[in-house]
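Before any comments, here is the structure.
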Amino acid sequence: MGDPATVGAARAALADRVIRVNVIRKTFGASVVLDRVVFDINPGETVAILGPSGIGKSTLLRIVAGIDTAYEGEVERPAALAIVFQEPTLLPWRSALRNLTLVHPGLSDDDARAMLGKVGLGDKAGLFPRQLSLGQQRRLALARAFAGAPELLIMDEPFTSLDPATAEAMLSLTERLIAEVRPATLFVTHARSEADRLADRILELRGAPATLAPHLIRNGASS
Amino acid sequence: MTDKRTVTALSLFGLLLLWFAAAALTADPQILPSPAALVQPFLREAASGELPYHLSQTLIRVAWAFCLAMALGIALGLLMGRSERVDRWLDPWLVVFLNLPALVLIVLCYLWIGLNEVAAIVAVTLNKVPNVATVVREGARALDPQLDAMARVYRMGRLTRLVHVTLPQLAPFIAASARSGVAVIWKIVLVVEFLGRSSGVGFKIHMFFQLFDVAMVLVYALSFIAVMLAVEWAILQPWERRVRRWRTA
Ligand SMILES: Nc1ncnc2c1ncn2[C@@H]1O[C@H](COP(=O)(O)OP(=O)(O)OP(=O)(O)O)[C@@H](O)[C@H]1O
Ligand SMILES: [Mg+2]
């Protein structure tokens, strides 16, 4: 691990790992939901997807994550994935700490505790998810996502149904963790402000069937 | 004074009084001995070691059949609940076995496998597997697809997933089938012993039945009921409380 040549080679290999999303068509029965949604995500880049409700944002994320495999096209993704669903999706019958260590068997209890501390749940390790508020459950889901040092992080509206102050706290926490772990990030949001804040690049889904809008928005400015 | 325990105690005491009264009215200990008349035979049988021996023989058979039936039933129910194809193919079998009288299965097992321990346990197990599978299948159909997706994205191992994601969701269904399972299995074990074993409570009841010894039939039956209640209180209920802890915490 100490050999600088090896480390350099590993870095280069990592840098080559662009995430390629090439969804030609996605249908549910007779209705076409996605049509030619093609884009790349560079390592360490944060991409936001905007679009109205029901257009197919969650469907696209499920395809990128490999949860939904019934589509035409292909996705090149790294093995180290992490996902944050709209609902926290925790194991309600296991403690906060076990929710981290069961999902990441390589994570020691101490590392897991440190991770809980980072998201402000340092004193909640022994509690069950039911005993946490929604905001705390969301932070636990975030801790779970970052604890595995993912190469690709996928988030589906992680900041909705929180009061503005809590949403703001979650947003800056996410910003900090992304800066620290530096995964390629793909996230969906309704709120343009969230996209502007976190994303290097903003994609917009439009139309029926949904496709990517022709313009790219970079750092809030249309290009 | 509507404390649940008090009511239970009073109710059982009432049953005991009814028994005393019925025994007094019958006035024939050959047909219905009074509860007091069972104490002596019980102590004699316990002291001789006969009672503990046959109770333990039956308990071992119950334990074997219970564990096998639960393991097979959970596996089958999980498989059928998760795969529509498997369900379509195996559901008719389940219906057939659910409607097969216990006695028929027992006799067939003895005829085909022989009058031995394996046949006895297989017969009891086969009687219970379809019920467990049916109940667990309902649970497997209700498994949360989001948790499943989460487990897949994070590449949780098969065993971890089974133990920490799937089984906890099935726990209420497993508990329900375990409770009814224990209740049914020990009764079937008694029949199996009655028909073709030379040890156990069912065997002893068969023997005393042929001797028209009602008192001893009651001694063995009541002793085993007591054992099964003890199992329920000492093992099943604490286990259920443990797996439910996260709901009530
Ligand atoms: N399993 C499914 N079966 C049939 N249709 C589905 C299924 N899942 C989603 N759809 C349909 O696909 C379309 C896109 O759904 P999706 O959940 O991706 O929307 P979304 O953009 O995430 O919306 P929201 O912002 O409200 O979450 C919707 O019209 C929905 O009805
Ligand atoms: Mg959605």
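The values are calculated or read from the model by the stated rules, or taken from the named source; none is laboratory data. Note that the structure is a prediction, hence the values are computed from the model and not measured. No Cβ is skipped: glycine too gets one built from the backbone with ideal geometry, and neighbour counts run over all protein chains shown.
When B:Ala65 is tested against (1) part of a helix (DSSP H, G or I); (2) modelled with pLDDT under 95, exactly one condition is not met: (2). Quick check: anything in the stretch A:70-89 within 16 Å of ligand 2 (Cβ to nearest atom), under 12 Å from the mean Cα position of the chain (by Cα) and over 20 Å from B:Asp148 (Cα atoms)? No. Which pairs do you get when a residue that is within 13 Å of another protein chain (Cβ to nearest Cβ) and closer than 15 Å to A:Gly117 by Cα, found in the stretch A:136-158, comes within reach of a residue that is more than 16 Å from ligand 1 (Cβ to nearest atom) and part of a strand (DSSP E or B), reach meaning Cβ atoms under 9 angstrom, with the pair 6+ apart or on two chains? Every condition considered, the pairs that remain are A:Arg144/A:Ala82; A:Ala145/A:Ala82; A:Ala145/A:Leu153; A:Phe146/A:Ala82; A:Phe146/A:Leu153; A:Ala147/A:Ala82.
Candidates in the stretch A:169-189 are the residues that are surrounded by 15 or more Cβ atoms within 10 Å (Cβ to Cβ) and not aliphatic (A, V, I, L, M); of these, the one that is nearest to A:Gln136 (Cα to Cα) is A:Thr174. Restricting attention to the stretch A:134-168, the residues that are surrounded by 15 or more Cβ atoms within 10 Å (Cβ to Cβ), over 16 Å from A:Leu91 (Cα atoms) and among the charged types (D, E, K, R) add up to 3.
Rundown of residues vs (1) more than 24 Å from the chain's Cα centre (by Cα); (2) more than 8 Å from chain A (Cβ to nearest Cβ), yes/no style:
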| site | (1), (2) |
| --- | --- |
| B:Gly157 | yes, no |
| B:Pro168 | no, no |
| B:Ala175 | no, yes |
| B:Val182 | no, yes |
| B:Lys187 | no, yes |
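I'm checking my understanding of the structure. Among residues of the stretch A:42-56 that are β-branched (Val, Ile, Thr) and within 18 Å of A:Arg197 (Cβ to Cβ), which one is nearest to ligand 2 (Cβ to nearest atom)?
So, considering only residues that are β-branched (Val, Ile, Thr) and within 18 Å of A:Arg197 (Cβ to Cβ), the one nearest to ligand 2 (Cβ to nearest atom) is A:Ile49.
Please tell me if B:Leu51 is touching a residue at least 12 places away in the same chain (Cβ under 8 Å) and not aromatic (Phe, Trp, Tyr). For B:Leu51, the condition - touching a residue at least 12 places away in the same chain (Cβ under 8 Å) and not aromatic (Phe, Trp, Tyr) - is met.
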